[in-house]
Every structure is written in structure tokens, then in C-alpha cells.
There are 2 protein chains.
Amino acid sequence: MGLETVCVNGQRRRPFSFDTLLCPSCRGPLDMAQPAGLTVHPAVTLGEGGTPVVHLQKIGRELGVEALFAKLEFLNPTGSFKDRGSALLVSALREHGVRQVAEDSSGNAGASISAYCARAGIRAAIFAPGSAPPMKLAQIAFYGAEVVKVAGDREAVAQACLRHCRQNSVVYASHNLSPLFIEGTKGFAAEAAAQMRPPPDHALFPVGNGSLLIGAWKGYTELASTGDVQRIPRLHCVQSKACMPIAAAHRKTPWTPPPAGADTVAGGIAVRNPPRLHQVLQALDATGGDAVAVEESDIIHWQRRLSHLEGIFVEPTSAAALAGLYDLRKEGRIRPQDRVLVPLTGFGFKDRIPNP
Amino acid sequence: MGLETVCVNGQRRRPFSFDTLLCPSCRGPLDMAQPAGLTVHPAVTLGEGGTPVVHLQKIGRELGVEALFAKLEFLNPTGSFKDRGSALLVSALREHGVRQVAEDSSGNAGASISAYCARAGIRAAIFAPGSAPPMKLAQIAFYGAEVVKVAGDREAVAQACLRHCRQNSVVYASHNLSPLFIEGTKGFAAEAAAQMRPPPDHALFPVGNGSLLIGAWKGYTELASTGDVQRIPRLHCVQSKACMPIAAAHRKTPWTPPPAGADTVAGGIAVRNPPRLHQVLQALDATGGDAVAVEESDIIHWQRRLSHLEGIFVEPTSAAALAGLYDLRKEGRIRPQDRVLVPLTGFGFKDRIPNP
């Protein structure tokens, strides 16, 4: 196809390959050298994207912003925003004749890759931590993928997956590392830009690996370069205090990953060593965004308030963005008159449901 | 508002009231005398509708039709098509200053009414059979609605809800009976007509009360009357053999409701005495559609095949439509070259997930 990747750190171009997910020189992650269009039509599709934006008046008042909007990313085909990335990645896998892949995931990406692989006729094995929510594991298995539960932390899961790929000559379809996955998430920005004119002043993302935040950054940057948007929202990163590598790095606070793994209700963002950490920091710096780490109890609180006040049922990971909004308002980083967008990333069914 | 209803049987007009859900003369259900537009914008909205249509090539081949399409109705805000009806019904409730409602449901409608009531600031009590899937009950409760579990069959649940409404002067927000709910489901046809040109030859619906089938009939009929579609698809009703009042009536087969309640994996269509039975039969007759009752094992089979072949994860109730398609193909009612549409009505998370 003549596709090329470019190293995030050193800007070195090399031909695209499913087997090269890190720069051989600096071990940094890769981007696509030729960005995909903002409105691609992937060959393998389940109708992902096109998610609604709704005004959250009541919870906005509790959070101190009148103009709070949510983009309901959980209304993607497998119940999370990951489908935007999977559609592009799996389309490329099928185009290249790949018959078998493996991937590691705490749940949502694994379900998404499994669904798109089922549709594409590609066999998938998903490596997941033993602590992953049962519903996500059941969903993955029901798409016909092989679920491999791995003891230990998230890194142990990734290592087990990599070993499996090397030993069995299986393509490692990593949603964290694949530059194609990121290209797919740009669609979030393209749609949001069309749905919110002018663009919001702020957008807050729950961040584990940051694929949605990075995709939104790339998307808005491309839209700004063509004059389709007049400005780029400040993109903010929200993490849990239980797992806050990016917030710590951005705010230059000391943080040591807990040895036993991160114990957080927001399992979707419990990534202790995100490979794209520097790219997320770059996006925050470039857009004037911030990073904040929130309390576990606040995540649960806003998950419940969102459901009670607005009738929107998300998993705890998604509610972290609201907890982050509360903190950034309190710190004065976001003002009452600002227009704010949050993606609501995963359906409430996917994780354990707290008591009402 | 000057709104009027019209009796389905006797065509008598009377002023619309939330308290009159059956014709006082003939006890038949009511329709709105002034149909809502096909593209209404309800005041209370969660961004319902706008669901994608995807081509199901692989499962289509197994079912013997090349041109099989699915409209992913489970990608509505609470995970089922019911949101189309709830948006309109709850908007009217709020406009009329209603503060408190009750409703009976096997799960999906209850979750939907609860979510829209939460958004509208209306208190809701949902009466559900004790056998309703735990996920649906947890979802309803998490929206802040009161869940009232009732022992006995579906009719006992409805009676308990009605008693509660009378004793406490609470509005009975019945999705089965409310003519506003049906008006909301017309949007399905409006969208499908825009997404599939020419319209499909057939559309198959899993039917309990039939609100989506009736809404689709009304929608397509209005579109045909304005020349926006050239013809109306044949609308088919699919039920489970465990609960087949409409299929039995249409095919003039004897069927006695089992005294202990219908034991089916398709809980969403386990309605033994659907109040709109005659209206569904009318829709079938008017469009040249059929009604078919399918085996339990076939429902589960096609639910799994849909997931394995196409990466689409629905609850068993939704898969009944595919089982019905298989039977109607076998009977020769649907031909290999026909274009077929199925709504996939509820997300797979909502019910018990069978083994992969």
C-alpha cells in the first residue's frame, strides 16, 4: 500500500508493518505518516460513529457549568468508543490477508477487536487480566474470540500476549500501540466539530492509554489546518488517583505505581505505563489543557448523579471525566461560562453496577 | 393542547388524556387522531434514533438471502428501541406537568421510561416480574426509579401497577397502551426509508406488544401517502412458540396460553394477551406480511451465529427475528433475491448471556 509510519519521538519514517509497533531506535510508539481522512469509510464496519451529543443541563449546574455537553460514545456497536479504532485497524488487517490476531485489553478494546474480527472472519485471542469485569469477558467470548485470563498486573497481560504472538506467529493487534487505531479515533473530533459550532472551550477525557484524546487532538488539528474549525478546544486528561502516571508527569507530582497493580473502579484507565504518555503530554501542552487525578469516591458519585439526573448509564471509567470537571472548575481552570464537552466512553452494563 | 385520540376499533374521537388508555366503549386501545410528524424533536431527548443500518452478508448466506440488512436499534441511549417511544411519551408527560408515573415492563421499556423520567425530573416506579433479567432491573434502579418486583405472570404485574396508580393517583405511563409511545416508534420507518432506497421487500419484527411493528406500519404508510416511498415492505411478526398469541391468531392455529406463564428465552416478547393484537394483525394484512412462531433453540442458535459471524451482540429476543426469517425462507414466503430488513432491538448485555 506504500503506507509509512513515523516515530513519535524522532520523526523517522519507515514502511508500515503490523509487526513493528515501536520505533526500533528509540522504542517510542509510531504514528501513520500519511493521516487517514477524517471521514473514512472502513471496509469492515458495524456502523460505528455518528453518536449523539446531548446537553447536560442538570448535572452541569451541579458541576458549575451551564453549557455542558456529552457525546454518547457508548452508543457504538460494542458499547464503547474503541469501535472507531477497531474499524480502521481490522479493515487493514483484513486487507493484508491477516487470518489470526491476539490483543491484550482490560475489556472494552478486547470486546471491540473481537467483534470486528468476527465480522472480518479473523480469529482473535484476547489476553485479559483475571480481574477484568465478567460482563466484558462474557461479551468477548460471545463474539467467538478466545479469552485468555492472565494473573498479575496489566503489564504481565501484555507480556503474555506478546509471547503468544511471537511463539505462534500471530499478529499483535495492539490497540494501545497501533497507529491505525489512533487514526480511527479522529472521527470523534470530526463529528464533534460538526455537532458543536463553535467548538467547545474544553474537552475532558478519561485517559488510560489516551487513544481518544490523541485522536481528538489529531482530528481537531487537521480541522484547524483546513480552516474547518477556528480553534482547538483545550484537551484535558482525567485519571484516577489510584493510577495517575500522566497526571503526575504533567503536574510534576511524585507518583509511584503501586506494586500490586492499580486498584480503581475505573478499570478502563488503569494503565500504569502508558506507551503514549509523552504524546498525551504533548497534546495537553499544545492545546493548553491540564491533567487531573480524581478520587475513587468522586467517580462513583458522578456516575450515579449522571444516571439519576440525566438518565445516562455509563461505566465508572466514563464518569471520571465528570469528576475531573468538578476538580478543574474548583481550581478555576474551567470557568462557569465555558462550553465543555465530555465523551461518555463506555456503557454502564460493561462493568459492575454499583447500588443505586 | 387540543390533542385527540381515536379508538382502534370504533374510530371514535375523544380528547387525549393520560388517564384514558382504553376506549371506554369497546375497551380497545387508542391511537393519536393527529399523527405526530415523522421527524419530531422531542423536548425530552437523549439523542435516540439515528441508528445505523448494516449489511449482514455472512449470516444472510446462512439464512438464504443475499440482501439482509439490520438496523441496530440496540444502539439507542438505554440499549433498546423503546427509547423512541419513551422520548415522545415522557416529553408529553413533562409538558403536562406530571411529576410521578408508574409503568409495568419485563425490562427494556421500564429501563427506557426510567431514564427519560430521570432526565425529565419525573419520579418513576417500575413494576416488573420477579423473573425479569437482573441486568435490566439493576439498570432501572440505577436510573433512580423504584423497582417493584411482582410475583406471578405478566398480567399480574400489570394489574399490580394499575392498582398502585389508582390508589396513589399516579399516572400510568404504559408503553403498551399509550398512543404517544407508538407515535415515537414511527421514526424507525422514517430513518429506514432514508437508509434503504428502494425500501426492503420484507421487514421482520420480534413482537410482544408490537409497538415497533405498528410504528413502522404507520411510518411507512405516511411515507407512502406523501410519495416519499414507492411501496411499503411486507411487515412480518415473529414470536416464540412458547408465547404466540398473534402468530396463532394470524395463522388460525389453536394456542392456549400456558397457565404458569410463558417460559421463553425471549423475555421481551413474552406477552400472552397483547392489547394491540388486532392492530398487529391489521398491519400484517395491509402489507401482505405473515406471522411465525419459532423454536427456543433456534433463537439461541441465531443469537450466537449473529455474534460469531457478524460481531453483533443482541439479546435473545432480538435474534427471534432471524429465526423467523429462516422459517419464512423455508416456507418460501421470502425468496433468495428479496431484500430483507430486521431491527435488532436490544443489546446483548441486557439479558442472560448464553455460553459462547
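Looking at the stretch A:214-241, which of its residues are surrounded by fewer than 20 Cβ atoms within 10 Å (Cβ to Cβ) and outside any helix (DSSP H, G or I)? Before you say what the answer is, go through the steps one by one.
Step one: filter the stretch A:214-241 for residues surrounded by fewer than 20 Cβ atoms within 10 Å (Cβ to Cβ), giving A:221-222, A:224-228, A:230-231, A:241.
Listed by number, the residues that qualify are A:THR226, A:GLY227, A:ASP228, A:GLN230, A:ARG231, A:LYS241.
Report yes if B:GLU48 is crowded, with 23+ Cβ neighbours inside 10 Å and on the phi < 0 side of the Ramachandran plot, otherwise no.
Numbers: crowded, with 23+ Cβ neighbours inside 10 Å: yes; on the phi < 0 side of the Ramachandran plot: yes.
So B:GLU48 passes the test.
Do the conditions hold for B:ARG123, that is, is it in contact (Cβ under 8 Å) with a residue 40 or more places away in the chain and closer than 20 Å to A:ILE312 by Cβ?
On the way: in contact (Cβ under 8 Å) with a residue 40 or more places away in the chain: no; closer than 20 Å to A:ILE312 by Cβ: yes.
The answer is no for B:ARG123.
Do the conditions hold for B:ALA293, that is, is it over 17 Å from B:GLU155 (Cα atoms), without any contact (Cβ under 8 Å) to a residue 60 or more places away in the chain and buried (at least 24 other Cβ atoms within 10 Å of the Cβ)?
Working: over 17 Å from B:GLU155 (Cα atoms): yes; without any contact (Cβ under 8 Å) to a residue 60 or more places away in the chain: yes; buried (at least 24 other Cβ atoms within 10 Å of the Cβ): yes.
So B:ALA293 fits the description; yes.
Condition first: within 28 Å of B:THR226 (Cβ to Cβ), among the hydrophobic types (A, V, I, L, M, F, W, C) and surrounded by 15 or more Cβ atoms within 10 Å (Cβ to Cβ). Now tell me which residues in the stretch B:4-45 satisfy that.
B:VAL6, B:CYS7, B:VAL8, B:PHE16, B:LEU30, B:MET32, B:ALA33, B:ALA36, B:LEU38, B:VAL40, B:VAL44 - these are the residues of the stretch B:4-45 that are within 28 Å of B:THR226 (Cβ to Cβ), among the hydrophobic types (A, V, I, L, M, F, W, C) and surrounded by 15 or more Cβ atoms within 10 Å (Cβ to Cβ).
Select from the stretch A:309-321 the residues that are away from chain B (no Cβ under 13 Å) and either of a type in the set (Phe, Trp, Tyr) or in contact with a His (Cβ under 9 Å, 6 or more places away or on another chain) (or both) and list them in ascending order.
Quick first cut of the stretch A:309-321, residues away from chain B (no Cβ under 13 Å) only: A:317-318, A:320-321.
Matches in the stretch A:309-321: A:ALA321 only.
Of all residues in the stretch B:325-356, which are within 14 Å of chain A (Cβ to nearest Cβ), surrounded by fewer than 17 Cβ atoms within 10 Å (Cβ to Cβ) and not polar (S, T, N, Q)?
Answer for the stretch B:325-356, where residues must be within 14 Å of chain A (Cβ to nearest Cβ), surrounded by fewer than 17 Cβ atoms within 10 Å (Cβ to Cβ) and not polar (S, T, N, Q): B:ARG352, B:PRO354, B:PRO356.
Quick one: B:ALA125 ticks every box in (1) under 23 Å from B:GLY219 (Cα atoms); (2) within 14 Å of another protein chain (Cβ to nearest Cβ); (3) aliphatic (A, V, I, L, M); (4) not in a helix (DSSP H, G or I) bar one, so which box is it?
Only one criterion is unmet by B:ALA125, namely (1).
Check the stretch A:100-113 and report whether any residue there is among the hydrophobic types (A, V, I, L, M, F, W, C), within 12 Å of chain B (Cβ to nearest Cβ) and buried (at least 20 other Cβ atoms within 10 Å of the Cβ). Show your work before the answer.
We begin by selecting, within the stretch A:100-113, every residue among the hydrophobic types (A, V, I, L, M, F, W, C); these are A:101-102, A:109, A:111, A:113.
Next cut, within 12 Å of chain B (Cβ to nearest Cβ) only: A:111, A:113.
Okay, now just the ones that are also buried (at least 20 other Cβ atoms within 10 Å of the Cβ), so A:111, A:113.
There is at least one residue in the stretch A:100-113 that is among the hydrophobic types (A, V, I, L, M, F, W, C), within 12 Å of chain B (Cβ to nearest Cβ) and buried (at least 20 other Cβ atoms within 10 Å of the Cβ).
Out of curiosity, is A:GLU183 touching a residue at least 40 places away in the same chain (Cβ under 8 Å), among the acidic types (Asp, Glu) and either within 30 Å of B:HIS308 (Cα to Cα) or in contact with a strand residue (DSSP E or B) (Cβ under 6 Å, 6 or more places away or on another chain) (or both)? Explain how you work it out, then say what you get.
Numbers: touching a residue at least 40 places away in the same chain (Cβ under 8 Å): yes; among the acidic types (Asp, Glu): yes; either within 30 Å of B:HIS308 (Cα to Cα) or in contact with a strand residue (DSSP E or B) (Cβ under 6 Å, 6 or more places away or on another chain) (or both): yes.
The answer is yes for A:GLU183.
Residues of the stretch B:134-153 being within 11 Å of chain A (Cβ to nearest Cβ) and farther than 19 Å from B:SER169 by Cα, which ones? Before the answer, list the steps.
Of all residues in the stretch B:134-153, those within 11 Å of chain A (Cβ to nearest Cβ) come to B:134-147.
Scanning the stretch B:134-153 gives B:PRO134, B:MET135, B:LYS136, B:LEU137, B:ALA138, B:GLN139, B:ILE140, B:ALA141, B:PHE142, B:TYR143, B:GLY144.
Here are some conditions: (1) more than 12 Å from every other protein chain (Cβ to nearest Cβ); (2) more than 19 Å from the chain's Cα centre (by Cα); (3) in a helix (DSSP H, G or I). B:GLY85 meets all but one. Which one does it not meet?
(2)
Which residue out of A:ALA173, A:ALA193, A:ALA156 is under 30 Å from A:LYS71 (Cβ atoms), without any contact (Cβ under 8 Å) to a residue 40 or more places away in the chain and either touching an Asp or Glu at 6+ places or on another chain (Cβ under 9 Å) or of a type outside the set (D, E, K, R) (or both)?
Working: A:ALA173 fails: without any contact (Cβ under 8 Å) to a residue 40 or more places away in the chain; A:ALA156 fails: under 30 Å from A:LYS71 (Cβ atoms).
After ruling out the rest, the residue left standing is A:ALA193.
Read-outs throughout are calculated quantities, based only on the coordinates presented, and are distinct from any laboratory measurement. No experiment lies behind these values; they were computed from the predicted model shown. Cβ atoms come from the backbone with ideal geometry, glycine included; neighbour counts cover every protein chain shown.
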